[in-house]
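To start, the structure itself, in structure tokens.
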Amino acid sequence: MDSPVISRLAPTPSGYLHLGNAFNFLLTALLVDFQDGHLHLRIDDLDEPRVVQSSVEDIFIQLEWLGIDYDSGPSGPDEFFSKFSQRLRMELYHESLELLRKSGHIFACECSRSEIRQISSNGNYPGTCRNKKLNLLKDNQTWRILVPAQTIVSLKIFTNKIEKIDVSREMADFVIKRRDGLPAYQLASIMDDLELGVNLVVRGYDLKSSTGAQLYLAKCLNDSIFPETHFVHHVIQTDDAGDKLSKSKGAHSIQMLREKHRNPTWIYQETAKLLNLPFEEIQTLEDLKEVFRSIMILKGGANSILDHKN
């Protein structure tokens, strides 16, 4: 990447952080450190009913235990809620919603999630309300962005290769304003990243469709900055049954696993294993950084390290 790297950690405080979060945070920190970049802590608390105070506290506790230092963002829960909460950026989100409304990119939808599940074979929205011309100012309905057929976006991966995503197939007409009037995740996420100047996004491979949605939103907003962002879509950690780790299930929380381990060495080694790095000699985060840096330099871009299939 030509410009200074800016990335972020973006946990959602709806439950205690788990091993999957730790891997994402460590990989993000490794990539930023390798490029002498800037790391921001961004906590996504827009979905207020799901925000748990103890989960906000847990983010800071586990980041400190993992030894991950970030360059900007809240120093603790009090500063987060007073200065960094997404609730403080509602005006920014609504300005972008209004811009999309005036440009004709959106339509109102009265379908519930259960109704969509009943009629959709793949879970994607089937376009039920697309041509109904419902009043956008009516309460208790969502706003969806119109995604025409064959809507393809290009994304830059970390190694400067270009990949394609068919947004119409992956996401269809996705929600940008929720039924309760709040901006949806896809919109809030891209607006936050633009505000922070983020140019490197590290997320699980299961969120690649979200990447496509946000790149399409950038196009609809006539933004030329976000499409230049580089992305890393990494392998997803799973439990013994092969299911993705989930906060809602309390799966493998770092808080619980810390009772079995005196220090985070085991997480550093597990991270190295997932990245196909030599792990036996890793004891500290500095050891992990050194191994990561040496392999990245050795492999000149390290496609194998960042390939989600590994």
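The values are calculated or read from the model by the stated rules, or taken from the named source; none is laboratory data. The shown structure was predicted, so the numbers you read here are calculated from the model rather than taken from an experiment. No Cβ is skipped: glycine too gets one built from the backbone with ideal geometry, and neighbour counts run over all protein chains shown.
All conditions in (1) surrounded by 12 or more Cβ atoms within 10 Å (Cβ to Cβ); (2) without any contact (Cβ under 8 Å) to a residue 24 or more places away in the chain hold for residue 108, with the sole exception of (2).
Here 289, 309 are screened, and the one residue that is at pLDDT 95 or above, surrounded by fewer than 19 Cβ atoms within 10 Å (Cβ to Cβ) and more than 15 Å from the chain's Cα centre (by Cα) is 289.
Evaluating residue 13 against the criteria (1) out of contact with any Ser or Thr (no Cβ under 8 Å at 6 or more places or on another chain); (2) under 23 Å from residue 244 (Cα atoms) leaves one unmet condition, (1). Taking first residues from segment 46-59 that are modelled with pLDDT of 90 or more and partners that are surrounded by 15 or more Cβ atoms within 10 Å (Cβ to Cβ) and not in a loop (DSSP other than H, G, I, E, B), the Cβ contacts under 6 Å between residues at least 6 apart in sequence or on separate chains come to 46/86; 46/188; 56/77; 57/77. Only one of the numbered conditions (1) at pLDDT below 95; (2) under 26 Å from residue 87 (Cβ atoms); (3) not in a helix (DSSP H, G or I) is not met by residue 176, and that is (1). For segment 131-145, taking the residues that are surrounded by 16 or more Cβ atoms within 10 Å (Cβ to Cβ) and of a type outside the set (Ser, Thr, Tyr), the one that is farthest from residue 211 (Cα to Cα) is identified as 141. Evaluate segment 83-103: report whether one residue or more is without any contact (Cβ under 8 Å) to a residue 60 or more places away in the chain, touching a helix residue (DSSP H, G or I) at 6+ places or on another chain (Cβ under 9 Å), surrounded by 18 or more Cβ atoms within 10 Å (Cβ to Cβ) and assigned by TED's automatic domain parsing to the domain that holds residue 263. Within segment 83-103, none of the residues are without any contact (Cβ under 8 Å) to a residue 60 or more places away in the chain, touching a helix residue (DSSP H, G or I) at 6+ places or on another chain (Cβ under 9 Å), surrounded by 18 or more Cβ atoms within 10 Å (Cβ to Cβ) and assigned by TED's automatic domain parsing to the domain that holds residue 263. The one condition from (1) free of Cβ contacts under 8 Å to residues at least 12 places away in the same chain; (2) of a type in the set (Gly, Ala, Ser); (3) touching a strand residue (DSSP E or B) at 6+ places or on another chain (Cβ under 8 Å) that residue 210 does not meet is (1). Looking only at residues of segment 216-248 that are in contact with a Leu (Cβ under 9 Å, 6 or more places away or on another chain) and in a strand (DSSP E or B), we find that the one that is modelled with the lowest pLDDT is 238. Restricted to segment 28-50, and to residues that are out of contact with any Gly (no Cβ under 6 Å at 6 or more places or on another chain) and assigned to a strand (DSSP E or B), which residue is nearest to residue 180 (Cα to Cα)? Within segment 28-50, the match that is nearest to residue 180 (Cα to Cα) is 39. For first residues located in segment 62-77 and closer than 20 Å to residue 255 by Cβ, partners that are among the polar types (S, T, N, Q) and surrounded by fewer than 15 Cβ atoms within 10 Å (Cβ to Cβ) and lie 6+ apart or on another chain with Cβ distances below 9 Å form the pairs 65/263; 67/284; 74/82; 77/53. Looking at segment 70-113, which of its residues are in a loop (DSSP other than H, G, I, E, B) and charged (D, E, K, R)? 71, 110, listed by residue number.
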